[in-house]
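The numbers here are math on the coordinates, done by the rules we state, and not lab data. Model, not experiment: these values are computed from the prediction. Cβ coordinates were reconstructed from backbone atoms using ideal geometry, including for glycine residues, and neighbour counts include every protein chain displayed.
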């Protein structure tokens, strides 16, 4: 197996694809789909700094890295290293994927409830290639869809989750482990809730040990009428790895999506969201927490489209950058013509903990209909000196005081996590990554 | 007069190049309640903040001794642990930091500094509940963020609650009476009155004398143009109320 440049000279992907083509499932049909996706990507080219949502991405950084083409067989996973990064969720069904390929030995056997169907995408590709083809349309020309093209060009496996009408699922924990040095993976996640179904899904992306990895995941969420989904994306690539994630969601009538994205520092950690409020009365709460430390670069993007009447969106972004960390929040809300009585709120707050830290926040509202209520606000700053002095004047030492205020800054978003056990563990993870947060463990 | 707890000598303080306190001298003896009065802008709040350790002020000259120590060389948190408490004129809201946790952390910081064991969680809660009752504070306060969504009056009660729990050696209460209705004023005044002890000093910083009808001070000082221009017993407060601050300023100039 030879090495290929990751993102520059996209040509190298053609060779990489040919090398693994015969081992990927889906027969000639999928061979053709992958080739089409790759040719399309080669034709369109990689996004450039001129593309709005790629403006800050350090493309040069990507070009220097070399990753091996993904293979359909999982690499051995160091179970004890994995355990350290695993969230402990009582009653949850856990599915582990190594470089995008399921690892049955580490996964729960039973589905999380009746009416819940979970399949490995790789098996479905082999069994029903045309059926899968119909469910995964070719991405469009938008620069934000280039990652989806790349994902499709190397599609090998993933998770296909369907919750039947009226069914309720226990928490489902999808754990994507990037392992092996200089490896790429392109996980695919499909989550569909039929009418009135309810579920809570956790999608976690981690890198094992000191490996340099590249992960390019694509998640498609579909909510039927009155479905309710709480979806959490946690991405922790670590200081040497790249995690790129694309989440697309289509919300049906009166459905509700509570989406949290928690993006920890990484060489590059970028997560984009596109949510379409397609059905009347559909509502999304989109929360994003971003932590950029060291020399990390973390980006949260979102486009939320109100496409019909009585739709509601609330987006909350909180970013913390320390040391030489760099963060980007790009949040666009579009109220399309005809989306009468839509309501939209967006708030973006950034906290800079050092002179060299930076967060660029770009909230954007495009309102193409009159009868709507929209508000947004954005702030960037350091810790409030009045709050700090108040705590000091009560005898709290400066480091603990700062840690408390950082935690308080995040609290109104963390408080929206519906699962207390999950919230507690995320708080501890956040504690571990921020300066002096260990000092406030007793407060958590 | 009792032994001095706090001695301020020739204190001169500037903000952004502008002199706010100008050669201020003041002595607060152990076990006494003093009132510091003065017109708006005379430097009362600056003095309170400087004593508590706020760092945005420039100390041009002067000295402050607190329990025999050089107060101005101590960081804010050390002053608090040594037993100095500032009741803020405008207590800040800190959503996300729980009231009770802050109170417990504050008490433990003080206890640790004095070589005492940390407070037992159960006993602590009982203590807070008892003091809350005294301040007529609602039970829901326990779960809320520091001053989060509190009315002006609730914030002031919360300051006094902290005061009651922390039991400082020196309490500096900056305009604790402002923004309180008559009922709340009585509750706050009663709270402060319970703290009056032979080994505790209280400095009431106030613009009006109305708090002083509830808490009788041992001494009254008038601050104008950055220094103490007049000191007297409780009747000085009443005289000020009748004659206004212009009278003091005029007298100060003559003197």
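Taking only DSSP H segments of four or more residues, each worth -39500 (n - 2.57), what value at 222 nm results for the protein assembly as shown once the sum is divided by all its residues, to the nearest 500 deg cm²/dmol? Don't jump to the answer; show the numbers that get you there.
Numbers: 18 runs with 193 residues, N = 699.
After summing the helix terms and dividing by residue count, I get -8500 deg cm²/dmol.
Run the quick spin-label model on residue A:365 and residue A:165: label points 7 Å from Cα toward the beta carbon, then report their separation in nm to one decimal.
3.9 nm
Based on DSSP, what percent of beta bridges with both residues in the protein assembly as shown are antiparallel, to the nearest 5?
Of all bridge pairs located within the protein assembly as shown, approximately 20 percent are antiparallel.
Using alpha carbon centroids, what distance separates region A:257-306 and region A:144-187, in Å?
After rounding, the separation between the Cα centres reads 16 Å.
Can you tell me the equivalent ellipsoid semi-axes for region A:98-138? Use √(5λ) from the Cα gyration tensor, largest first, whole Å.
Details: eigenvalues 95, 44, 15 Å².
Values for region A:98-138, descending: 22, 15, 9 Å.
Can you pull the percent of Cα pairs in region A:332-395 with separation above 18 Å?
Working: 1112 of 2016 pairs.
Cα-Cα pairs in region A:332-395 separated by more than 18 Å: 55 percent.
Kindly give the semi-axes, whole Å and largest first, of the ellipsoid equivalent to region A:384-444, taking each as the square root of 5 times a Cα gyration tensor eigenvalue.
On the way: eigenvalues 99, 30, 15 Å².
Working from the Cα gyration tensor, I get semi-axes of 22, 12, 9 Å.
Measure nothing but the geometry: give the 0 to 90° angle between the long axis through the Cα atoms of B:121-134 and the longest principal axis through the Cα atoms of chain B, rounded to 10°.
Here the helix axis deviates by roughly 50 degrees.
Using a 10 Å cut-off on Cβ to Cβ distances, tally the other chain neighbours for every residue of B:51-63 and report the average as a whole number.
Numbers: counts 0, 4, 3, 5, 4, 2, 0, 0, 0, 0, 0, 0, 0.
Across B:51-63, the average partner-chain Cβ count within 10 Å equals 1.
By how many degrees, between 0 and 90 and to the nearest 10, does the Cα long axis of helix B:245-254 differ from the longest principal axis of chain B?
40 degrees
Once a ≥ b ≥ c are taken as the square roots of the eigenvalues of the Cα gyration tensor of region A:3-279, is the result rounded (a/c under 1.5), prolate (a/b larger than b/c) or oblate (a/b not larger than b/c)? Can you show the working numbers first?
Working: a/c = 1.42, a/b = 1.29, b/c = 1.10.
Rounded, because the longest to shortest axis ratio a/c is under 1.5.
Give me the angle, in degrees from 0 to 90, between the Cα long axis of helix B:99-113 and the longest principal axis of the Cα atoms of chain B, rounded to the nearest 10.
For B:99-113 against chain B, the angle is about 70 degrees.
So what's the Cα pair-distance distribution over region B:4-254, bin width 10 Å, in %?
Reading upward from the zero bin: 7, 31, 36, 21, 5, 0.
Please compute, for peptide A:350-358, the average count of beta-carbon atoms on other protein chains lying within 10 Å of each residue's beta-carbon. Provide the component values of the computation, followed by the final result.
Numbers: counts 0, 0, 0, 0, 0, 0, 0, 0, 0.
Shielding by partners across A:350-358 averages 0.
So for region A:384-444, averaging the separation of alpha carbon pairs under 8 Å that are six or more residues apart and normalising by length, what relative contact order in percent results?
35 percent
Which whole number gives the average, over all residues in B:90-101, of C-beta atoms from other chains lying within 10 Å of the residue C-beta?
Working: counts 2, 2, 8, 4, 9, 5, 13, 12, 4, 0, 0, 5.
That average works out to 5.
Give the relative contact order (percent, whole number) for region B:112-211; include only Cα pairs under 8 Å separated by 6+ residues. Mind showing how you got there, number by number?
Numbers: 79 pairs, mean separation 28.8, N = 100.
Value for region B:112-211: 29 percent.
Could you run the Debye sum over the Cα atoms of region A:48-139, one equal point scatterer each and no solvent, and tell me log10 of I(q)/I(0) at q = 0.14, 0.15, 0.23, 0.24 Å⁻¹, two decimals?
Debye intensities relative to I(0), on a log10 scale: -0.87, -0.95, -1.16, -1.19.
Considering only C-alpha atoms, what is the centroid distance from region B:182-212 to region B:62-103, in Å?
19 Å
Per q in 0.10, 0.13, 0.15 1/Å, what log10 I(q)/I(0) does a Debye calculation on the alpha-carbon atoms of region A:191-327 return?
For the requested q values the scattering log ratios are -0.34, -0.54, -0.69.
Expressed as a rounded percentage, what relative contact order does chain B have, with Cα pairs under 8 Å and six or more residues apart? Before the final figure, lay out each step's value.
Values: 460 pairs, mean separation 68.6, N = 255.
So the answer I get is 27 percent.
For the protein assembly as shown, what number results from the quotient of the Cα radius of gyration and 2.2 N^0.38 Å?
Details: Rg = 31.3 Å, N = 699, 2.2 N^0.38 = 26.5 Å.
Against the compact-globule rule of thumb, the ratio is 1.18.
With N residues in region B:1-127, what two-decimal value do you get for its Cα radius of gyration over 2.2 N^0.38 Å?
Numbers: Rg = 16.6 Å, N = 127, 2.2 N^0.38 = 13.9 Å.
Against the empirical 2.2 N^0.38 Å value, I get 1.20 for region B:1-127.
What's the center-to-center distance, using Cα atoms, between region B:144-174 and region A:77-112 in Å?
49 Å
How much of the DSSP bridge set in region A:3-279 is antiparallel, in percent, rounded to the nearest 5? Could the numbers behind the result be given before it?
Working: 10 of 78 bridges.
For region A:3-279, the DSSP antiparallel bridge percentage is about 15.
What is the antiparallel percent of DSSP beta bridges lying wholly in region B:4-254, to the nearest 5? If you can, show how the numbers build up before the last one.
On the way: 24 of 42 bridges.
Beta bridges within region B:4-254, antiparallel portion: roughly 55 percent.
How would you rank A:39-45, A:293-299, highest first, on the average number of other Cβ atoms within 10 Å across their residues? Don't jump to the answer; show the numbers that get you there.
Numbers: A:39-45: 15.1, A:293-299: 22.4.
Top of the packing list down: A:293-299, A:39-45.
Please state the Cα pair-distance histogram of region A:310-365 with 5 angstrom bins from zero: what percent is in each bin?
For region A:310-365, the pair-distance distribution reads 5, 18, 23, 15, 14, 10, 7, 5, 3, 0.
Over chain A, with a Gaussian network built from C-alpha contacts below 10 Å, which listed residue (A:432, A:300, A:250) shows the highest mean-square fluctuation?
Most flexible of the set in this elastic network: A:432.
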